[in-house]
Amino acid sequence: MASASIPKEISTGLQQRLDEQAKKCQELQYLIAQQESKIASMSESHNVLQWTFDRDSRYIIKYMRALAYKERDIRELDEKLLAVYDDCDNKNKEIASLKYNEEQHQEKIEDLRAELGLRAE
């Protein structure tokens, strides 16, 4: 049996195609390696961002809780202040009533002195 040989032009053409395909494969492998590197970097950045977000979320929750306590304290102080204002208002009314009563008594005293013929000196 005679061995069939491939003509040199065809063999050379096929070898060139194989070389071109090998070169394209190397380029694709390089691009894939770059993408994998970018993905790894993005994954690391995502992990850092997630950690930062979790930490900041804990701080926000802590500060919101502290703010709620401060708001409660402010409400309690407002209630106490209103009670003081009410007490002051009641005391002012009582003072006004006492002054009015004093004026009324003073008028009665003057009337009685006038009736008795005495003069206020």
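The values are calculated or read from the model by the stated rules, or taken from the named source; none is laboratory data. Only a predicted model underlies this, so the values are computations on that prediction, with no experimental measurement involved. Using ideal geometry, Cβ is built from the backbone for each residue, glycine included, and neighbour counts are taken over all protein chains shown. Note: accessible area is taken over every heavy atom of the protein model, side chains too, but ligands, DNA and RNA are not part of it. Shrake-Rupley method; radii C 1.70, N 1.55, O 1.52, S 1.80 Å.
Before moving on, here are some points about what is shown:
- Calculated mean residue ellipticity, 222 nm, the chain: -34500 deg cm²/dmol, from DSSP H runs (n ≥ 4) at -39500 (n - 2.57) each, averaged per residue and rounded to 500.
- Taking a straight Cα-Cα cut-off under 24 Å and skipping sequence neighbours fewer than 8 places away in the same chain, the lysines within cross-link reach of residue 91 are 80, 99.
- Lysines whose Cα lies under 19 Å from that of residue 38, excluding same-chain neighbours fewer than 8 positions away: none
- Calculated Rg and Dmax of the Cα atoms in Å (choose from [x] 19.0, 68; [y] 16.1, 50; [z] 50.2, 168), label: [z]
- Percent carbon-and-sulfur accessible area, the stretch 1-120, ignoring ligands, DNA and RNA, probe 1.4 Å: 58
- Label-point separation in nm, residue 64 to residue 109, each point 7 Å along Cα→Cβ: 6.8
- Rounded to the nearest 20 debye, the dipole size of the stretch 52-104 about its Cα centre is 520 debye, using +1 on the Cβ of Lys and Arg and -1 on the Cβ of Asp and Glu.
- For the pair residue 80 and residue 51, the difference between a 0.36 nm per residue extended length and the Cα-Cα distance amounts to 6.1 nm.
- Per residue, the chain exposes 99 Å² of accessible surface when a 1.4 Å probe is rolled over the protein heavy atoms with every protein chain present.
- Under 19 Å of direct C-alpha separation, and excluding same-chain neighbours fewer than eight residues apart, residue 62 reaches these aspartates and glutamates: 54, 71, 73.
- Applying the Karplus relation 6.51 cos²θ - 1.76 cosθ + 1.60 with θ = phi - 60° to the stretch 59-75 yields 3J(HN,Hα) values of 4, 4, 4, 4, 6, 5, 5, 4, 5, 4, 5, 5, 4, 5, 4, 5, 4 Hz, where x marks Gly and Pro.
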